[in-house]
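The values are calculated or read from the model by the stated rules, or taken from the named source; none is laboratory data. Quick caveat: nothing in here was measured; it's all calculated off a predicted structure. When we count neighbours, we look across all protein chains shown, and the Cβ atoms used for this are built from the backbone with ideal geometry, even at glycine. To get the accessible areas, we keep the full protein, side chains included, count just its heavy atoms, and leave off ligands, DNA and RNA. Shrake-Rupley method; radii C 1.70, N 1.55, O 1.52, S 1.80 Å.
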Amino acid sequence: MNKNKTNPLLCDPVTGTCEMPGDEKLNESVSIKTDNKSVKIVYYTDPICSSCWGIEPQLRKLKLEYGKYIDIDYRMGGLLPDWSYNSGGISKPSDVAHHWDEASLHYEMPIDGNVWIEDPLDSSYPSCIAMKAAQMQSKDKAVLFMRILREKLYLEKKNIAKWENIAEAAQLTGLDVNKLKIDYENNAKILFQEDLNFAKTLGVRGFPTLLFSDGSNNRLTVYGSKPYAFYENALLALFPDAKKNQFTDQNPLSLFEIYPTLTPKEYAVILDKTYAEAITILENLFEKGELNKQSIRNGSLYGRK
């Protein structure tokens with residue numbers, strides 16, 4: 001990709017990143033303090049980042065296997081401020097549609113790019129600010145909230161820059177929608193700006209970026225969508241004593257008690273199965289009436305009943 005023609009919505013499947021225009025370099029000298037866990041992961045993401053959707057399988061597996069050692073600090077990147085810096089062959093929202101269809105095939109994650117034709121987003125800032133507002137209520141619910149926002153965007157073609165779609169996701173998450181609206185219009189904007197400022201300090205300009213820190217000025221960065229081993233190895237390099245919590249439950253429905261919805265790719269990565277094996281298992285459960293299924297032209301999402 002021509003770096004002078006970088007468009008934040010033109011995510012590069014080779015590097016696995018959605019990059020903002022600019023030439024910042026990661027600043028390794030900034031100290032990241034840990035809280036009550038052995039390793040802090042500062043995760044720069046954006047609700048509309050297709051590469052971030054692409055690493056959901058790896059991220060969910062990391063949480064499942066090493067969750068007691070890690071604290072993930074979700075930071076919002078502001079991938080699409082507006083349409084003022086159009087480049088890289090993308091000059092209008094509809095140009096993104098085909099690219100997202102390609103990303104879906106590359107990551108084996110369901111994405112319907114036609115949202116950019118039918119109800120295009122003018123910015124990712126509203127969903128980023130909404131995420132900060134959700135974090136003000138509950139960090140755990142905020143993670144689920146962003147997941148629901150992404151499912152609405154990638155599978156239901158919902159414009160998550162619109163308040164009605166944000167509010168619906170908040171309600172499904174169990175957040176206080178009225179409080180969310182107040183925070184969204186006030187303090188959450190300040191928190192989002194702090195994320196943007198911290199990103200500049202760190203030199204982050206692409207998503208996903210995961211900065212692993214042991215709190216003692218030892219830092220490792222995994223930049224872009226990578227195979228699971230990259231994330232696991234970064235953690236183990238900083239905290240070699242971490243013991244893997246292998247998920248070995250023989251009940252194929254057990255994983256849905258932890259993650260209410262799963263794509264075949266997520267199921268495959270978490271349980272070390274092939275993509276084809278995962279589809280066979282999930283389809284069987286669906287046909288038995290034990291799972292719900294949401295299908296789009298580029299894949300499916302399965303959920304517990």
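Results, tabulated for the structure shown:
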| read-out | value |
| --- | --- |
| Sole residue being under 16 Å from the mean Cα position of the chain (by Cα) and either in a strand (DSSP E or B) or of a type outside the set (Ser, Thr, Tyr) (or both), chosen from Ala133, Ala169, Ala188 | Ala169 |
| Positions within region 91-115 being within 23 Å of Thr261 (Cβ to Cβ), touching a helix residue (DSSP H, G or I) at 6+ places or on another chain (Cβ under 7 Å) and either open to solvent by 50 Å² or more (accessible area, probe 1.4 Å) or in a loop (DSSP other than H, G, I, E, B) (or both), in sequence order | Glu108, Met109, Pro110, Ile111, Asp112, Gly113, Asn114 |
| Extreme residue, surrounded by the most Cβ atoms within 10 Å (Cβ to Cβ), among residues of region 262-294 that are closer than 12 Å to Arg60 by Cβ and hydroxyl-bearing (Ser, Thr, Tyr) | Thr263 |
| Some residue of region 216-237 being open to solvent by less than 80 Å² (accessible area, probe 1.4 Å) and among the acidic types (Asp, Glu) | yes |
| Region 1-30, subset at pLDDT below 80 and of a type in the set (S, T, N, Q), residue nearest to Gln58 (Cα to Cα) | Thr15 |
| Qualifying residues in region 257-305 (those that are among the β-branched types (Val, Ile, Thr) and touching an Asp or Glu at 6+ places or on another chain (Cβ under 7 Å)) - the one nearest to Lys244 (Cα to Cα) | Thr261 |
| Candidates Arg60, Arg75, filtered to the one that is within 13 Å of the chain's Cα centre (by Cα) and open to solvent by 40 Å² or more (accessible area, probe 1.4 Å) | Arg75 |
| Filter result for Asn197 (over 17 Å from the mean Cα position of the chain (by Cα), over 30 Å from Gly22 (Cα atoms) and outside any loop (DSSP other than H, G, I, E, B)) | no |
| Residue tally, condition within 16 Å of Ile296 (Cβ to Cβ) and buried (at least 17 other Cβ atoms within 10 Å of the Cβ), over region 116-147 | 1 |
| Cβ-Cβ under 7 Å pairs, at least 6 apart or on other chains, region 285-298 side aromatic (Phe, Trp, Tyr), far side not in a loop (DSSP other than H, G, I, E, B) | Phe286/Lys293; Phe286/Tyr302 |
| Within region 239-250, tally of residues that are touching a helix residue (DSSP H, G or I) at 6+ places or on another chain (Cβ under 9 Å) and open to solvent by 40 Å² or more (accessible area, probe 1.4 Å) | 7 |
| Residues of region 199-214 classified as closer than 16 Å to Asp71 by Cβ and surrounded by fewer than 16 Cβ atoms within 10 Å (Cβ to Cβ), total | 0 |
